[in-house]
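Since the structure comes first, as structure tokens, the remarks are kept for the end.
The values are calculated or read from the model by the stated rules, or taken from the named source; none is laboratory data. Predicted model only: the values in this text are computed from it and were never measured. As a convention, Cβ positions derive from the backbone with ideal geometry for all residues, glycine included, and neighbour counts pool all protein chains shown.
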Amino acid sequence: MDTAKRRKYGGNLIVLVELDSNNAIPGTITSGTNAIALNCQEESDSPLETSEEILRTEDGLVADVDQEHNAKTTATLLENDAAKANFLAYTVRGKKFLEIKYNGIAAGNHEEMFSIVRFKPGRSIKTPKGKMPYESTHIPPNAAVTFSAANITAIETALSISIRAGGPVTIPAGQEDYTATTAVS
């Protein structure tokens, strides 16, 4: 079996950065205020699901198929930090975010998925060994959205993280997300 084609290492990083009404990064990024890095996950998933409605003629023949596509990110966070819990329960309400999800290493490349999302606010505080739910819905932009190298650097600096895709990164119009790959060095 060729293990270079299988996902060998998990991600364990989700980043949220608030966007303005034009899907642009704010001029100032402040950790805990308009951005957050979630780097302790038990598991995560980003399925793209398609629902179909078959349209038939009066005699029962298939005339067409209507399709709707929905993508989301779900995770079980092993975070128990009060500031992060408050951010995910309250700060995210009614706002759009750039979500960067590090998917790990596959086929010799780091994979990072960039999405414009609305986060589903929620919180679960269990003791001991609490886990928090994470769920966001991807929003396909009407026009392509590009995040520059300067945007990527500003996010890295504000959150003290490393993003492998140096930018620019573009989410195409009508597409739920874009996965950038960077060779493992």
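Could you go through the stretch 165-175 and let me know if any residue there is in contact (Cβ under 8 Å) with a residue 60 or more places away in the chain and either loosely packed, with under 14 Cβ neighbours inside 10 Å or of a type outside the set (S, T, N, Q) (or both). Checked the stretch 165-175: no residue is in contact (Cβ under 8 Å) with a residue 60 or more places away in the chain and either loosely packed, with under 14 Cβ neighbours inside 10 Å or of a type outside the set (S, T, N, Q) (or both). One residue stands out among those in the stretch 95-116 that are basic (Lys, Arg) and surrounded by fewer than 21 Cβ atoms within 10 Å (Cβ to Cβ): the one that is nearest to Leu48 (Cα to Cα), which is Lys96.
Of the residues Glu112, Glu58, Glu53, Glu49, the single one that is among the charged types (D, E, K, R) and touching a residue at least 24 places away in the same chain (Cβ under 8 Å) is Glu112.
Looking only at the stretch 73-84, filter to residues that are in contact with a Gly (Cβ under 9 Å, 6 or more places away or on another chain) and hydrophobic (A, V, I, L, M, F, W, C); which one of those is surrounded by the fewest Cβ atoms within 10 Å (Cβ to Cβ)?
If we take residues in the stretch 73-84 being in contact with a Gly (Cβ under 9 Å, 6 or more places away or on another chain) and hydrophobic (A, V, I, L, M, F, W, C), then Ala83 is surrounded by the fewest Cβ atoms within 10 Å (Cβ to Cβ).
In the stretch 1-19, the residue that is modelled with the highest pLDDT out of those that are assigned to a loop (DSSP other than H, G, I, E, B), more than 18 Å from Arg164 (Cα to Cα) and not basic (Lys, Arg) is Leu19. Restricting attention to the stretch 37-51, the residues that are at pLDDT 80 or above and either of a type in the set (A, V, I, L, M) or within 18 Å of Ala71 (Cβ to Cβ) (or both) add up to 3.
With modelled with pLDDT of 85 or more, within 26 Å of Thr170 (Cβ to Cβ) and buried (at least 19 other Cβ atoms within 10 Å of the Cβ) as the only criterion, which of Asn22, Asn34 stands out?
Being modelled with pLDDT of 85 or more, within 26 Å of Thr170 (Cβ to Cβ) and buried (at least 19 other Cβ atoms within 10 Å of the Cβ) holds for just one of Asn22, Asn34, which is Asn34.
In the stretch 99-112, which residues are in a strand (DSSP E or B) and within 20 Å of Ser185 (Cβ to Cβ)? The answer is Ile100, Tyr102, Asn103, Gly104, Ile105, Ala106, Asn109, His110, Glu111, Glu112. Selection within the stretch 37-52: residues that are part of a strand (DSSP E or B) and of a type in the set (S, T, N, Q). The member of this set that is nearest to Leu88 (Cα to Cα) is Gln41.
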